[in-house]
Amino acid sequence: MPQLSSLESALKHYFGYDSFRPGQRYIVEQALQNRDLLVVMPTGGGKSLCFQLPALLKKGLTVVVSPLIALMQDQVEALQDNGIGATFINSSLSAYQVRTREQAILSGKVKLLYIAPERLLSEKFLPFLDLVCHQMGISAFAIDEAHCVSEWGHDFRPEYRQLQKLRHRFSGVPTIALTATATERVRQDIIQQLGLVEPSIHIASFNRQNLFYEVQPKQKQSYQQLLQLIRQQSGAGIIYCLSRRRVDEIAFKLKNDGIAALPYHAGLSDRDRTANQTSFIRDDVQVMVATIAFGMGINKPDVRFVIHYDLPRNLESYYQESGRAGRDGEPARCTLFLNYGDIKTIEYLIAQKPDPQEQRIAKQQLRQVIDYAEGIDCRRTIQLSYFGERFSGKCDNCDNCCHPKPMQDWTMEAMKFLSCVARCKERFGMTYIIDVLRGAKNQKILQNGHQNLSTYGIGKDRSIDDWRMLGRSLLHQGLLAQTTDGYSVLKLNALSWEVMRRQRSVLIAVSAAPTRISDEDTRAAAEVELLFQRLRKLRKQLADEQGVPPYVIFADSTLRLMATQQPKSLAAFSRLSGVGSHKLARYGAQFLAEIQAYCEEV
Ligand code: ADP
Ligand code: ZN
């Protein structure tokens, strides 16, 4: 076993990283001591390294159990591109290919073997594994997506239950179980079902520090709002919509507006889905517009933004879906569009559920999503408290922390609004009240003679959105009520009257104006960005030549370091995080040349 102080140099040598992510070092040490391990880390936490580095440092073969063929292929490609002996065996291979790979394993060229559980436990494969164990030794079993073993998890796979057999057949070989889903119940199940012996348990925080969380009220021109948001981003992004129809519509519009986008939903053929997914992974298109069917099995680390165009079903799904951004640890942006019309649609759908218990749960979950979206507290604090994790607030990386909404006194406006509700005899919904306030000349108002009310037109100075914001805030603060019969008629309550009698003032949170950045900063950032884009192009070209996804060549973070530091020599290049010995030799000269060419031009 190598000295602990050399772990960092091994990390740099094989993977090019300068330092361990939180928890990784400790886990690697435990693995090197042949402890059984349970590793719970959120997506993007860096679980793979926890068994990959020990696999390289220990004698023998590490067998990695993985449920999805696509994931296996991804990981093996990434390892091979680091010059590491890794391979997979699954149903996509011919008998001949399987034999060749088995030979490679027996000749000691392979340190990591990825395999699906049913193949691993087959009567044909186990004797081969006996042979491996006898000839070169098995250094560990790594069970990825270990929650699949539990009926209580969200992705139960009965084959995973059989993995216990390995314990008896290969006693003494340590097991490392890894997962991102973390209820206590599932955790206990994993330990029991896999027969872990006095495992060292490591549970990382579910705080994804690199993700910027924000909520934007969905404007009337919501597509324009979306388009503008996408145009501000560079890099890949996912847009989640609730319905297939919406997915098709948005993807189509984006294409017309010059954004490379593709749809993904269950209504497409398998072939189209796979093709679209591959285009996205390879950076042939920038944007994937998808229903939540997309994302489960994909492992693209450089997704830079995730936009929820429609409300998510519950906070847990929101965490998982938005969490597909920034797995590489680089900054990424998660935006949720909040639309009150959407809430009504979802409420309607909930009301159609036959089971009252289901209805109750769905309502509660919707309420939690709305509270998150409307909350003025740190978004992280709200999310993490949902997972039972305490967070001290003030993360400096969410809209509420970065631009705390100032509270403004809107008592006068509230009085106008509430008296208009009173004048209209508490018989109308919000849209109508706002129309009267703003002096609209629509048929319904004229029919009711409401153009003669004293409150008609007294709110022309404020926009419809302003009045809506006030109306919602009054509802949430309990200063106004609403019927629940599906018509949402506004009703006054005791507190409303206090406001109208000037016995109570009304404070509401309003959006702050955006902050300004200096011209000089903008210019410097633009130059780095230009070089970054050129390096991305080079990376894409090299990736296409090899038929691998671009991130396999270099991560975004490494390209960004190249763009900011602009190394002039191979030695300087090799010091960048993400450049290991293998990548230095393979790509160093080409990237250096590109950087040099750029520097000479500007
Ligand atoms: P998980 O399986 O937990 O979702 P991965 O193992 O796929 O996460 O790692 C996520 C990303 O983080 C990958 O792109 C990986 O290369 C990168 N990564 C892992 N460990 C480190 C590290 N110590 N330094 C820098 N990047 C890392
Ligand atoms: Zn915050």
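The values are calculated or read from the model by the stated rules, or taken from the named source; none is laboratory data. Keep in mind it's a predicted model, so treat the numbers as computed, not measured. Cβ sites come from the backbone with ideal geometry, for glycine too, and all protein chains shown count toward neighbours. The area values use the complete protein model at the heavy-atom level, side chains included, leaving out ligands, DNA and RNA. Shrake-Rupley method; radii C 1.70, N 1.55, O 1.52, S 1.80 Å.
Taking the conditions exactly as written (small (Gly, Ala, Ser), in contact with a strand residue (DSSP E or B) (Cβ under 6 Å, 6 or more places away or on another chain) and not assigned by TED's automatic domain parsing to the domain that holds residue 464), does residue 195 satisfy them or not?
no
Of all residues in region 420-431, how many are open to solvent by less than 30 Å² (accessible area, probe 1.4 Å) and either modelled with pLDDT under 95 or in a helix (DSSP H, G or I) (or both)?
Within region 420-431, residues that are open to solvent by less than 30 Å² (accessible area, probe 1.4 Å) and either modelled with pLDDT under 95 or in a helix (DSSP H, G or I) (or both) number 4.
Among the residues of region 383-398, how many are more than 8 Å from ligand 2 (Cβ to nearest atom) and either closer than 19 Å to residue 332 by Cβ or not in a helix (DSSP H, G or I) (or both)?
Residues flagged as more than 8 Å from ligand 2 (Cβ to nearest atom) and either closer than 19 Å to residue 332 by Cβ or not in a helix (DSSP H, G or I) (or both) within region 383-398 amount to 8.
With the checklist (1) part of a helix (DSSP H, G or I); (2) touching a residue at least 12 places away in the same chain (Cβ under 8 Å); (3) of a type outside the set (Val, Ile, Thr); (4) surrounded by fewer than 18 Cβ atoms within 10 Å (Cβ to Cβ) in hand, flag the one item residue 600 doesn't pass.
Evaluating residue 600 over (1) part of a helix (DSSP H, G or I); (2) touching a residue at least 12 places away in the same chain (Cβ under 8 Å); (3) of a type outside the set (Val, Ile, Thr); (4) surrounded by fewer than 18 Cβ atoms within 10 Å (Cβ to Cβ) leaves (2) as the failure.
Restricting attention to region 206-214, does a residue exist that is open to solvent by 20 Å² or more (accessible area, probe 1.4 Å), in a strand (DSSP E or B), away from ligand 1 (no atom under 16 Å from the Cβ) and over 16 Å from residue 310 (Cα atoms)?
There is at least one residue in region 206-214 that is open to solvent by 20 Å² or more (accessible area, probe 1.4 Å), in a strand (DSSP E or B), away from ligand 1 (no atom under 16 Å from the Cβ) and over 16 Å from residue 310 (Cα atoms).
For region 335-345, check the following and say yes or no: at least one residue is within 16 Å of ligand 1 (Cβ to nearest atom) and out of contact with any strand residue (DSSP E or B) (no Cβ under 6 Å at 6 or more places or on another chain).
Among the residues of region 335-345, not one is within 16 Å of ligand 1 (Cβ to nearest atom) and out of contact with any strand residue (DSSP E or B) (no Cβ under 6 Å at 6 or more places or on another chain), which makes the answer no.
Looking at (1) more than 16 Å from ligand 2 (Cβ to nearest atom); (2) modelled with pLDDT of 90 or more, can you tell me which one residue 408 breaks?
(2)
Hey, among 324, 304, which residue is in contact (Cβ under 8 Å) with a residue 60 or more places away in the chain, open to solvent by less than 50 Å² (accessible area, probe 1.4 Å), more than 24 Å from residue 181 (Cβ to Cβ) and basic (Lys, Arg)?
Matching residue, one of 324, 304: 304.
Since residue 521 meets every condition but one in (1) open to solvent by 80 Å² or more (accessible area, probe 1.4 Å); (2) at pLDDT below 90; (3) in contact with a Gly (Cβ under 7 Å, 6 or more places away or on another chain), which condition does it not meet?
Of everything listed in (1) open to solvent by 80 Å² or more (accessible area, probe 1.4 Å); (2) at pLDDT below 90; (3) in contact with a Gly (Cβ under 7 Å, 6 or more places away or on another chain), residue 521 misses just condition (3).
Would you point out which residue out of 20, 125 is open to solvent by less than 20 Å² (accessible area, probe 1.4 Å) and farther than 14 Å from residue 177 by Cα?
The match here is 125.
So which helices (runs of 4 or more DSSP H) stay within region 52-128 end to end and still have 3 or more residues that are more than 32 Å from the chain's Cα centre (by Cα) and among the polar types (S, T, N, Q)?
So the answer is 95-106.
Restricting to region 267-295, and then to whatever is β-branched (Val, Ile, Thr), in a loop (DSSP other than H, G, I, E, B) and open to solvent by less than 60 Å² (accessible area, probe 1.4 Å), can you tell me which residue is nearest to residue 230 (Cα to Cα)?
The qualifying residue nearest to residue 230 (Cα to Cα) is 285.
Looking only at region 27-46, count every residue that is modelled with pLDDT under 95 and either within 16 Å of ligand 2 (Cβ to nearest atom) or not hydrophobic (A, V, I, L, M, F, W, C) (or both) and tell me the total.
The number of residues fulfilling the criteria is 5.
When you check residue 373 against the structure, is it in the same structural domain as residue 317 (by TED's automatic domain parsing), within 16 Å of ligand 2 (Cβ to nearest atom) and either of a type in the set (A, V, I, L, M, F, W, C) or over 27 Å from residue 181 (Cβ atoms) (or both), yes or no?
yes
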